[in-house]
1. Being under 14 Å from the mean Cα position of the chain (by Cα) and among the β-branched types (Val, Ile, Thr) is the filter; apply it to the range 47-75 and report the residue that is surrounded by the fewest Cβ atoms within 10 Å (Cβ to Cβ).
2. Give the range 91-117 a look and list any residue that's without any contact (Cβ under 8 Å) to a residue 24 or more places away in the chain and not in a loop (DSSP other than H, G, I, E, B), or say none.
3. For the condition modelled with pLDDT of 95 or more, buried (at least 22 other Cβ atoms within 10 Å of the Cβ), of a type outside the set (Val, Ile, Thr) and in contact with a Leu (Cβ under 8 Å, 6 or more places away or on another chain), what is the one hit in Leu227, Leu158?
4. Could you tell me whether the range 118-135 includes any residue that is in contact (Cβ under 8 Å) with a residue 40 or more places away in the chain, surrounded by 20 or more Cβ atoms within 10 Å (Cβ to Cβ) and acidic (Asp, Glu)?
5. Please state which of the following conditions Ile235 fails to meet, knowing it meets all the rest: (1) in contact with a helix residue (DSSP H, G or I) (Cβ under 7 Å, 6 or more places away or on another chain); (2) in a strand (DSSP E or B).
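The values are calculated or read from the model by the stated rules, or taken from the named source; none is laboratory data. Please read these numbers as outputs of a predicted model, since none were measured by experiment. With ideal geometry, Cβ positions are generated from the backbone for all residues, glycine too; neighbour counts draw on all protein chains shown.
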Amino acid sequence: MSVPSYKRILLKLSGEVLMGEQQFGIDTDYVARLAQEVKDARDSGLQICLVIGGGNIFRGMAGAAKGMDRAQADYMGMLATVMNALAMQNALEQLGVPTRVQSAVQMDQVCEPVIRRRAERHLEKDRIVIFAAGVGAPYFTTDSGAALRAAEMRCDALLKGTSVDGVYDADPKKDSAAKRYETVDYDTVLADNLKVMDASAVALCRDNNIPIVVFSIREQGNLAKVLSGEGTQTIVKKDA
């Protein structure tokens, strides 16, 4: 499947992929492998923004389900995303890639605040920008944060690297007959509740005409394959 040529992308990684084969936390070797894939993509001429979830450390909705105040739990989840962003920044800079972390929750000692024009300048200077802490407010997921930053930074596409190699009409882990979409439109994703991203993130991408490319980041080298149009993926777009 051919994919359009992108100049600027936002890569959204789930926090869980940073665990590698662990049950919790950050596998530094696995993060280094991911960083190498991101570096290779950047070396091909792409401008790259990153958003990383926090589920490997703390997930706000899970905390709320166990009786925590939802807003408090979500703020804890935001801090988890900052930790992951700093881990990825460290891995990228060890590979010689200049990287800046911008957090929607201000913490000047460890990273910059989110300033769109400054982020634009970083990208123009061939730096990678990692956006952390979601949208800076509770009740929004990092998917929504990724969609917001993709729109704000005028990205050509939002690439979502997960543990699944695309969008299916059912959960492929539970239903062996589940069929993968090559392409699917935003409205079908929303109407059929296909669990690509949360509804507000999909709607924001739809309203700004940002294609969502869903692929498995766990397969080594898959990011480069997807960017070249060779990898297994699903593209969510208008009039699919």
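1. The selected residue is Ile48.
2. Glu93, Glu112, Pro113, Arg117
3. Going through Leu227, Leu158 in turn, the sole match is Leu158.
4. No, that holds for no residue.
5. (1)
Okay, residues lined up against (1) buried (at least 23 other Cβ atoms within 10 Å of the Cβ); (2) over 14 Å from the mean Cα position of the chain (by Cα); (3) on the phi > 0 side of the Ramachandran plot; (4) aliphatic (A, V, I, L, M):
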position	(1), (2), (3), (4)
Tyr139	no, yes, yes, no
Gly145	yes, no, no, no
Ala177	no, yes, no, yes
Asp187	no, yes, no, no
Met197	yes, no, no, yes
Ala203	no, yes, no, yes
